[in-house]
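First comes the structure, then the notes that go with it.
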Amino acid sequence: MSNEASEPKVINPLPAPLDGTMTVPGDKSISHRAILFSAMAEGTSRLVGVLDSSDVRASIDAVQKLGAKVTLEKQTDGSLAGGVEGWGEAGPKQPDGPIYCANSGTTARLLMGVLAPWDIEVRIEGDASLSKRPMRRITAPLMKMGVQFDPAGAETLPITERGCRNLRAITYNSPMASAQLKTAVLLAGIRANGVTEINEPSVSRNHTELMLPEYGVKTTAGERTARVQGPARMHSAEVRVPGDPSSAAFVVCAALLKRGSAVQIENVSLNTARTGFMMTLEKMGADVNTRRTGSAGKEPYGIVSACYTERLHGCEIPGHKIASLVDEVPVLSLVAAHAHGITVFRNVEELRAKESDRLEAIVSGLALMGVDAWTEGADLFIEGQPNLVVPEGLVFDSRGDHRLAMTWALVGLTGRVPVQVTDFGSVEVSYPDFLEDVERLCR
Ligand code: S3P
């Protein structure tokens, strides 16, 4: 996202219920992986449905600076499709300058794994938000494998990485469920001698384990464990990226909050490590459904549908389910604010380390609306108000965080009075046409 201050965006109430069928842009996690893995592989991979957003552009820029040839082109549906020619066995080239990952934590963290086996020195940088996010969780296991970082104990970017051609395969018992951490370790493990294994306290998204075999790498995708067999040669692959459930979640929640709405979103990833929000909404009594229609590689996809639901009730989301809905906590909190009773998200401390401190942002944004929300230890509590009347003239601070910008936009879109959202341009990170897509469903 840009750090330039701009006028807050005025978000007006939708003139009619959301009604109809749509698609959402490609999955951000899968898009990043398709670009990075193709860059690592020998030959030219063919990708379709890649998300065109500033985060994914950061990954494209990074692999280009390292010598991959990217010929992805904008399609009429807004996605990117085309080829990525990787560096394969020759390895990445020493870039001329630092690699700037902008706002993208996925680019920065996965890149550390990509660079791990190569004898080049790369300075990794990010924008103001990314430069505050924890990196030690990635550098710690990679150092055990033989990678060097400067400064060695750096907590945050900028960090300079020097890889190592003789990486040690490790078994790592991760202190947290993080797919970014898991992926960095597995990517390094591809060129280490032996089996690299990572165990997690709960299940995190598994796109890496599911996609690497397409590139010729043997993986094991267990419940809370993943393994890669090294050393492996990566060959090119064909990847079709399904729609992003995290983007679909905003449309689903809009439909649940706007009276009379009924929407269907096609071609959405139905990977269960990502659809925790649908299960939670169901638990809250929402009229939501999923129907599988196919699979792209090992990734299932299908239709997600949602209808306005009069009576939602609060529920408890246990800590071990959080990773399956981690990016949806802000928008689920907004739905919880309209439900009967209290909703509790257990063990959501990790939200403090996202693009902004999302826990603090949720509590203060809901307070602005007159909704009681608070944290106690690592848990988040929201006391819903089924007949909530949002006061006029609210200005929400998105903190330059795309998921917060879209969450607070829903207050205006589904309510009776306009709201303003600061730094709304941050939606460029994951869902550039969010507003247009939702408004189109009301015509
Ligand atoms: C992601 C993993 C999650 C998620 C992020 C994307 C990924 O982060 O919040 O938006 O693509 O692997 P963590 O791995 O830090 O939980």
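For a quick check of your reading of the model, give me the residue pairs whose first member lies in the range 182-203 and is within 8 Å of Gln229 (Cα to Cα), whose second is part of a strand (DSSP E or B) and not hydrophobic (A, V, I, L, M, F, W, C), with beta-carbon atoms closer than 6 Å and at least 6 apart or on different chains.
Gly189/Thr196; Gly189/Gly230; Ile190/Gly230; Val195/Arg227; Val195/Gln229
Looking only at the range 323-342, which residues are more than 20 Å from Leu181 (Cβ to Cβ) and open to solvent by 10 Å² or more (accessible area, probe 1.4 Å)?
His338, His340, Gly341, Ile342, listed by residue number.
Taking the range 253-293 as the search range and keeping residues that are among the basic types (Lys, Arg) and open to solvent by less than 70 Å² (accessible area, probe 1.4 Å), which one is farthest from the chain's Cα centre (by Cα)?
It comes out as Lys258.
Which one is most open to solvent (accessible area, probe 1.4 Å), of the residues in the range 176-219 that are acidic (Asp, Glu) and away from the ligand (no atom under 11 Å from the Cβ)?
Glu214
Give me a count of the residues in the range 27-75 that are open to solvent by 10 Å² or more (accessible area, probe 1.4 Å) and outside any loop (DSSP other than H, G, I, E, B).
20
Out of Lys132, Lys93, report the one residue that is assigned by TED's automatic domain parsing to the domain that holds Ala58, more than 26 Å from Ser269 (Cα to Cα), in contact with a Leu (Cβ under 7 Å, 6 or more places away or on another chain) and surrounded by fewer than 22 Cβ atoms within 10 Å (Cβ to Cβ).
Lys93
Can you find even one residue in the range 163-177 that is more than 24 Å from Asn193 (Cα to Cα), touching a Phe, Trp or Tyr at 6+ places or on another chain (Cβ under 9 Å) and of a type outside the set (A, V, I, L, M)?
Scanning the range 163-177 turns up no residue that is more than 24 Å from Asn193 (Cα to Cα), touching a Phe, Trp or Tyr at 6+ places or on another chain (Cβ under 9 Å) and of a type outside the set (A, V, I, L, M).
Here's the yes/no breakdown for (1) open to solvent by 10 Å² or more (accessible area, probe 1.4 Å); (2) farther than 22 Å from Asp61 by Cβ; (3) of a type outside the set (Val, Ile, Thr):
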position	(1), (2), (3)
Arg109	no, no, yes
Arg123	yes, no, yes
Arg137	yes, yes, yes
Ala140	yes, yes, yes
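When the residues of the range 354-368 are narrowed to those that are open to solvent by 20 Å² or more (accessible area, probe 1.4 Å) and within 15 Å of the ligand (Cβ to nearest atom), which ends up farthest from the chain's Cα centre (by Cα)?
By that ranking, first place goes to Asp357.
Given (1) more than 27 Å from Ser178 (Cα to Cα); (2) within 16 Å of the ligand (Cβ to nearest atom); (3) of a type in the set (Phe, Trp, Tyr), identify the lone condition not met by Phe345.
Unmet condition: (1).
Out of all the residues in the range 223-255, which are closer than 28 Å to Val288 by Cα and away from the ligand (no atom under 16 Å from the Cβ)?
Result: Glu223, Arg240, Val251, Val252, Cys253, Ala254, Ala255.
Quick one: which of Arg109, Arg165, Arg123 is within 16 Å of the ligand (Cβ to nearest atom) and not assigned by TED's automatic domain parsing to the domain that holds Thr272?
Going through Arg109, Arg165, Arg123 in turn, the sole match is Arg109.
Collect the residues in the range 4-59 that are within 16 Å of the ligand (Cβ to nearest atom), over 16 Å from Gly425 (Cβ atoms) and of a type in the set (Asp, Glu), keeping them in residue-number order.
Asp27
Going by the conditions given, is Asp119 over 19 Å from Arg227 (Cβ atoms), open to solvent by less than 60 Å² (accessible area, probe 1.4 Å), acidic (Asp, Glu) and part of a loop (DSSP other than H, G, I, E, B)?
Judged against the criteria, Asp119 is not a match.
The values are calculated or read from the model by the stated rules, or taken from the named source; none is laboratory data. Quick caveat: nothing in here was measured; it's all calculated off a predicted structure. Note: ideal-geometry Cβ built from the backbone for every residue, glycine included; neighbour counts use all protein chains shown. Just so you know, the surface numbers come from the protein's heavy atoms only, side chains and all, with ligands and any DNA or RNA stripped out. Shrake-Rupley method; radii C 1.70, N 1.55, O 1.52, S 1.80 Å.
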